[in-house]
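Everything below concerns the one structure shown next.
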Ligand SMILES: [Zn+2]
């Protein structure tokens with residue numbers, strides 16, 4: 001079953017995605033990574049990236065489709081950071097339906113207090129960009145390179161701006177998912193191992209239904 005991760009910054013989506021990936025059953029759909037890879041051979045995409053412009057949804061979705069068709073027989077996919085809007089969500093679930101894939105959105109419920117605490121302690125690897133929340137750690141747990149505080153995590157305005165964008169653009173996705181009924185609510189206000197334990201057992205017992213309405 002494919003998984004769509006939803007939640008504010010600091011809710012721990014990235015950490016749980018890493019843990020799922022380490023089980024070997026999943027592969028990550030990273031839009032940024034796919035675009036950077038494609039840009040090497042595609043001048044149109046390179047043009048968008050060079051200009052720092054938003055890549056059109058058509059391009060993004062054709063890349064997602066390509067990747068699922070290539071790797072989807074053996075793997076389930078994790079969507080983290082996409083969809084950001086209801087229109088992207090509807091388009092994504094339509095694509096997954098066309099490809100006859102089962103999926104479940106997981107909403108990471110967390111208090112703003114905990115999210116702010118986590119973002120304060122968050123540092124990012126300068127090489128592989130993975131996040132670390134361990135205040136004691138000096139080096140990245142994945143590639144052993146240096147950890148640094150992200151400029152936009154240091155800045156409260158930027159943190160609040162990202163919360164605002166989530167509630168404006170992405171929270172309506174959560175509401176749409178609730179309406180459709182195919183959702184896992186996850187209490188993400190706990191330590192990472194407790195969250196992972198619950199996430200795994202909830203995924204194991206979740207029954208996919210496209211028409212499962214409350
Ligand atoms: Zn690293």
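Laboratory data are not the source of any read-out in this text; all were calculated from the coordinates shown. All figures in this text were calculated on a predicted structure; none of them were measured in a lab. Here the Cβ positions follow ideal geometry from the backbone for every residue, glycine too, while neighbour counts run over all protein chains shown.
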Check: Can we say residue 21 is at negative phi, touching a residue at least 24 places away in the same chain (Cβ under 8 Å) and surrounded by fewer than 17 Cβ atoms within 10 Å (Cβ to Cβ)?
Finding: yes
Check: (1) touching a helix residue (DSSP H, G or I) at 6+ places or on another chain (Cβ under 7 Å); (2) part of a loop (DSSP other than H, G, I, E, B); (3) within 20 Å of residue 5 (Cα to Cα): which one isn't true of residue 196, the others all being true?
Finding: (2)
Check: Taking region 126-150, which residues are surrounded by 14 or more Cβ atoms within 10 Å (Cβ to Cβ), touching a strand residue (DSSP E or B) at 6+ places or on another chain (Cβ under 6 Å) and under 29 Å from residue 171 (Cα atoms)?
Finding: 131, 132, 150
Next item on the list: With a cut-off of at least 2 residues that are over 25 Å from residue 62 (Cα atoms) and within 16 Å of the ligand (Cβ to nearest atom), name the strands (runs of 3 or more DSSP E) lying wholly within region 87-192.
Entry: 123-125
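For the subset of region 1-13 comprising residues that are surrounded by 18 or more Cβ atoms within 10 Å (Cβ to Cβ) and closer than 19 Å to residue 67 by Cβ, which member is farthest from the chain's Cα centre (by Cα)? Please lay out each step first, then the result.
Narrowing region 1-13 to residues surrounded by 18 or more Cβ atoms within 10 Å (Cβ to Cβ): 2-13.
Next cut, closer than 19 Å to residue 67 by Cβ only: 2-5.
On the way: 2: 12, 3: 9, 4: 7, 5: 5 Å.
Checking each candidate, the answer is 2.
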Next item on the list: Take region 6-26 and flag every residue that is assigned to a loop (DSSP other than H, G, I, E, B) and closer than 18 Å to residue 159 by Cβ.
Entry: 7, 8, 9, 10, 11, 12
